[in-house]
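See structure below.
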């Protein structure tokens with residue numbers, strides 16, 4: 001497993017506590033906002049529109065996000081009502097592929113990465 005694969009596995013088998021069904025959970029892999037638009041609510045609005053669309057048109061019930069960015073985490077948790085579930089510190093995470101047992105992110109400085117579940 002790599003780090004994000006392991007976080008997905010933890011979400012599916014521990015955090016979610018329900019049987020997954022098609023079109024139930026949207027996984028938000030990436031989002032970006034230009035720096036000149038920061039602090040204007042653009043990032044929040046973009047993520048809100050995405051979630052409203054997936055709820056209203058595609059009938060998803062939840063969104064899952066994993067982010068290293070503190071501002072994005074603030075949007076998902078504080079502005080969109082997301083809940084932090086499992087939190088992994090990449091600096092102590094052990095690579096499990098081919099039994100290498102490497103600590104690939106030991107020098108990582110971005111802080112812990114949570115699984116964030118948002119009810120749509």
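The values are calculated or read from the model by the stated rules, or taken from the named source; none is laboratory data. The shown structure was predicted, so the numbers you read here are calculated from the model rather than taken from an experiment. Because the Cβ atoms are built from the backbone with ideal geometry, glycine has one as well, and the counts that use them run over all protein chains shown.
The table for this structure:
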quantity: Which numbered condition residue 58 fails, given (1) part of a loop (DSSP other than H, G, I, E, B); (2) out of contact with any helix residue (DSSP H, G or I) (no Cβ under 6 Å at 6 or more places or on another chain); (3) closer than 24 Å to residue 7 by Cα; calculated: (3)
quantity: Segment 87-120, subset modelled with pLDDT of 95 or more and over 18 Å from residue 69 (Cβ atoms), residue surrounded by the most Cβ atoms within 10 Å (Cβ to Cβ); calculated: 120
quantity: Residue identified as within 12 Å of the chain's Cα centre (by Cα), surrounded by 12 or more Cβ atoms within 10 Å (Cβ to Cβ) and in a loop (DSSP other than H, G, I, E, B) among 68, 33; calculated: 68
quantity: Neighbours by Cβ (under 7 Å, 6+ apart or cross-chain): first from segment 71-82, more than 9 Å from residue 43 (Cβ to Cβ); second modelled with pLDDT of 95 or more and surrounded by fewer than 18 Cβ atoms within 10 Å (Cβ to Cβ); calculated: 77/84; 80/48; 81/119
quantity: Hey, residue 33 touching a helix residue (DSSP H, G or I) at 6+ places or on another chain (Cβ under 6 Å) and in contact (Cβ under 8 Å) with a residue 24 or more places away in the chain or not; calculated: no
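Here is a yes/no grid of residues against (1) closer than 16 Å to residue 8 by Cβ; (2) assigned to a helix (DSSP H, G or I); (3) in contact with a strand residue (DSSP E or B) (Cβ under 8 Å, 6 or more places away or on another chain):
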{"position": "46", "(1), (2), (3)": "no, yes, no"}
{"position": "50", "(1), (2), (3)": "no, yes, yes"}
{"position": "54", "(1), (2), (3)": "no, yes, yes"}
{"position": "63", "(1), (2), (3)": "yes, no, yes"}
{"position": "73", "(1), (2), (3)": "no, yes, yes"}
{"position": "81", "(1), (2), (3)": "no, no, yes"}
{"position": "94", "(1), (2), (3)": "no, no, no"}
{"position": "106", "(1), (2), (3)": "no, no, no"}
